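Please read the structure below before turning to the comments.
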Amino acid sequence: MTTPDAPALPLRPELADQVPYGAPQLDVPVLLNVNENPYPPSEEVVAGIAAGVADAARTLNRYPDRDFPALRQDLADYLAVESGVRVAPEQVWAANGSNEVMLHLLQAFGGPGRTALSFAPTYSMYPEYARDTHTRWVTGRRAEDFTIDATTAVATIEAEQPSVILLASPNNPTGTALPRATLEVVLEAAARIPAVVVVDEAYAEFRRAGTPSALELVDTYPHLAVTRTMSKAFAAAGLRLGYLAASAPLVDALRVVRLPYHLSAVTQAAARAALSYRDVLLAQVADLRAQRDALVAWLRRQHSAGRPVQVAESDANFVLFGTFADRHAVWQGLLDRGVLIRETGPDGWLRVSVGTREETQAFQDALTDVIAEQEQG
Ligand code: PMP
């Protein structure tokens, strides 16, 4: 409680009206709001992680390895299997979630007098990384279908002269992947500034066949950083482990700004143990992709207010759909039926994560009901 003579806190003025970031965490049966993998780890994986953590616990009196070479090697090995691209451990960086990896990028390459650029609508944490590092924040616009037009992107880059360009692929909340040709045009324009280009591939494992990963360009472009996370396909959101692949000099710059020992021994051990079960943990990804495609097809067959429901093309484990005259009413109607999705994205749109088959079915049943109720009312 504030007493009348308590001194005012010297809060940075730009933080005065800000609230902490976060989706509502509500206790309902069907959680399809934060793009998690709906399948918890098996008992076999739980036991493996527990054994790894127990080993780490035996040395907890010591600080962990600051540069975590073993984990970086394991992550490099995983990327080689997942995408066919082999990078050296020195080209890998990791932190507590890809959020922290991207904060490191802004700390090293953004800052006062500098600009970070992205293309809206996109992931709503990006402006917060910019705010927290005193970096000017600018957004260009995506096209109607949520793709980025290469010519417009280059014009925006040349006009704004950013030192960091953030591109989520697949993009959140739209699910849109970035074509290779557009990325190459952006990389060439960025090299002339120069700017670091961050391709945020948090959802890359869910990409459709034929959608390439930006990892394939890491060896060609020293100013490209491709971020990944164990929070989504890897079913380890609670672990807090994000990472990136880039040129070794780019990674070395991140080592300067990280706090010492930012990755705890427990995190390193749990991540390495989880990575050793990659086949089991990724087994559901193919199923989630197939479910995503089925969900897109189903949504496109629905009608609301006499119009077909629109659905953005998705390479992720979520789907953006709409538009609804009152999207909040639809969101609330679903919640009343025990299904939590996310009220995010451009006006009128809603985002739903792909769940287990039962959860996805529960969402479909609830949406059918909500739309029918609205048509009557
Ligand atoms: N990038 C995108 C596009 C995301 O949607 C998210 C999480 N919702 C993240 C990064 C951050 O993920 P994490 O910090 O869990 O790795």
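Below is a table of values for the structure above.
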quantity	calculated
Residue list for segment 1-33, restricted to those being open to solvent by less than 50 Å² (accessible area, probe 1.4 Å) and among the β-branched types (Val, Ile, Thr)	28, 30
Given (1) of a type in the set (Val, Ile, Thr); (2) open to solvent by less than 20 Å² (accessible area, probe 1.4 Å); (3) away from the ligand (no atom under 15 Å from the Cβ); (4) not assigned by TED's automatic domain parsing to the domain that holds residue 199, index of the condition residue 323 fails	(2)
Matching residues in segment 218-237 - criterion: being within 23 Å of residue 249 (Cβ to Cβ), open to solvent by 10 Å² or more (accessible area, probe 1.4 Å) and touching a helix residue (DSSP H, G or I) at 6+ places or on another chain (Cβ under 7 Å)	221, 222, 223
Residue that is nearest to the ligand (Cβ to nearest atom), among those in segment 85-121 that are more than 20 Å from residue 161 (Cβ to Cβ) and without any contact (Cβ under 8 Å) to a residue 60 or more places away in the chain	103
Test: residue in segment 196-210 that is small (Gly, Ala, Ser), surrounded by fewer than 23 Cβ atoms within 10 Å (Cβ to Cβ) and either in a loop (DSSP other than H, G, I, E, B) or not assigned by TED's automatic domain parsing to the domain that holds residue 52 (or both)	yes
Residue match in segment 285-308 (condition: in contact with a Lys or Arg (Cβ under 6 Å, 6 or more places away or on another chain), farther than 23 Å from residue 372 by Cβ and crowded, with 22+ Cβ neighbours inside 10 Å)	no
Residues that are in a helix (DSSP H, G or I) and either open to solvent by 70 Å² or more (accessible area, probe 1.4 Å) or in the same structural domain as residue 370 (by TED's automatic domain parsing) (or both), drawn from segment 253-271	255, 256
Members of segment 326-346 that are of a type in the set (A, V, I, L, M) and either within 12 Å of residue 371 (Cβ to Cβ) or open to solvent by 40 Å² or more (accessible area, probe 1.4 Å) (or both)	329, 330, 334
Scope segment 122-141; condition away from the ligand (no atom under 14 Å from the Cβ) and open to solvent by 20 Å² or more (accessible area, probe 1.4 Å); matching residues	131, 132, 134, 136, 137, 139, 141
Candidates 163, 169, 213, filtered to the one that is among the small types (Gly, Ala, Ser), within 16 Å of the ligand (Cβ to nearest atom) and surrounded by fewer than 24 Cβ atoms within 10 Å (Cβ to Cβ)	213
Complete set of residues in segment 88-121 that are in a loop (DSSP other than H, G, I, E, B) and crowded, with 23+ Cβ neighbours inside 10 Å	110
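The values are calculated or read from the model by the stated rules, or taken from the named source; none is laboratory data. If you're wondering where the values come from, they're calculated on a predicted model, not measured in any experiment. Because the Cβ atoms are built from the backbone with ideal geometry, glycine has one as well, and the counts that use them run over all protein chains shown. All accessible areas refer to the heavy atoms of the entire protein, side chains included, with ligands and DNA or RNA removed. Shrake-Rupley method; radii C 1.70, N 1.55, O 1.52, S 1.80 Å.
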